[in-house]
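Structure record follows, encoded as structure tokens.
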Amino acid sequence: MTRDEDALRMLAEVEAANADLAERAKAPTWYHPALGLLIGGMVAVQGLPIIGKIGCYLVFAAGLSLLMRAYKRHTGMWINGYRAGRTRWVAVGLALITMLCMLIAVWLERERGLTYAPLAFGAIVAVIVTIGGFVWEAAFRADLRDGDPR
């Protein structure tokens with residue numbers, strides 16, 4: 001075999017490995033909606049007294065842990081959401097949107113007396129994070145297709 005043939009064979013092997021990884025990286029269909037509900041719930045509970053928030057934070061942490069385990073069991077791996085590539089932009093965007101929605105909800109509740117604001121923004125965040133999860137997954141798979149498996 002020549003060097004060019006070796007290089008082409010190795011490139012084909014890398015592309016096949018990336019395609020396999022992209023196929024394995026499909027989350028269960030319920031995963032992104034569950035994550036959306038957890039994150040949206042974090043926004044929704046901002047109107048509770050501190051002891052209620054602490055309890056919800058514990059449920060949130062347990063829920064995230066269970067989601068991570070389920071993803072690992074389903075795919076055989078865990079992928080950092082803030083990894084380099086297209087996915088980082090999706091993850092950072094979702095974090096910023098969530099933080100902004102939480103701040104607005106708390107401000108509306110405390111300063112304007114709109115006690116329903118955290119619930120309303122929690123529902124909005126749940127939908128955005130659910131959609132964002134599917135966008136993140138598509139971005140990850142696009143990175144792999146383009147040969148950027150960072």
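Between region 27-46 and region 70-125, how many Å separate their Cα centres?
That distance is 9 Å.
Given a cut-off of under 8 Å on Cα pairs at least six residues apart, what relative contact order in percent is computed for region 3-145? Intermediate values should be presented prior to the final figure.
Working: 147 pairs, mean separation 59.2, N = 143.
Relative CO of region 3-145 lands at 41 percent.
What list of ³J(HN,Hα) values in whole Hz, one per residue of region 129-140 in order, does the Karplus curve 6.51 cos²θ - 1.76 cosθ + 1.60 (θ = phi - 60°) give from phi, with Gly and Pro shown as x?
5, 4, 5, x, x, 5, 5, 4, 4, 5, 5, 4
Using the count of nearby Cβ atoms within 10 Å as a rough guide to exposure, how do ASP4, ASP143, ASP20 rank from fewest to most?
Numbers: ASP4 8, ASP143 20, ASP20 11.
In order of increasing Cβ crowding within 10 Å: ASP4, ASP20, ASP143.
For the chain, what does the alpha-carbon gyration tensor say about shape, rounded, prolate or oblate, given a ≥ b ≥ c as the root eigenvalues, a/c under 1.5 as rounded, and a/b over b/c as prolate?
On the way: a/c = 3.92, a/b = 2.59, b/c = 1.51.
Verdict is prolate for the chain.
What is the gain in length, in nm to one decimal, between ASP6 and ALA61 on full extension, counting 0.36 nm per residue of separation less the C-alpha to C-alpha distance?
Values: separation 55, 0.36 × 55 = 19.80 nm, distance 4.81 nm.
Going from the current span to full extension adds 15.0 nm.
Looking at region 67-125, which trypsin sites (Lys or Arg not before Pro) are in a loop (DSSP not H, G, I, E or B) and have at most 16 other Cβ atoms within 10 Å?
Details: sites: ARG69, LYS72, ARG73, ARG83, ARG86, ARG88, ARG110, ARG112; in loops: ARG83.
Taking region 67-125 and a limit of 16 other Cβ atoms within 10 Å, the loop trypsin sites (Lys or Arg not before Pro) found are ARG83.
When a/c reaches 1.5 or more, the comparison of a/b and b/c decides; with that in mind, is region 1-43 rounded, prolate or oblate per its Cα gyration tensor? Kindly include the intermediate steps, with their values, before the conclusion.
Numbers: a/c = 11.44, a/b = 4.58, b/c = 2.50.
Verdict is prolate for region 1-43.
Report, to the nearest 10°, how far helix 86-112 tilts away from the longest principal axis of the Cα atoms in the chain, using its own Cα long axis and a range of 0 to 90°.
Result, in degrees: 0.
For the chain, what does the helix formula give at 222 nm: sum of -39500 (n - 2.57) over DSSP H segments with n ≥ 4, over the residue count, nearest 500 deg cm²/dmol? Please report the intermediate quantities before stating the final value.
On the way: 5 runs with 118 residues, N = 150.
Helices in the chain give a 222 nm mean residue ellipticity of -27500 deg cm²/dmol.
I'd like the Karplus ³J(HN,Hα) series for region 19-28: coefficients 6.51, -1.76, 1.60, θ = phi - 60°, whole numbers in Hz, and an x wherever there's a Gly or Pro.
Each residue's phi maps through the Karplus curve to give 5, 5, 5, 4, 5, 5, 7, 6, 6, x Hz.
Bear in mind that the values in this text are calculations on the coordinates, not laboratory data. These figures come from a predicted structure and were not determined experimentally. Here Cβ is always computed from backbone atoms with ideal geometry, including for glycine, and neighbour counts include all displayed protein chains.
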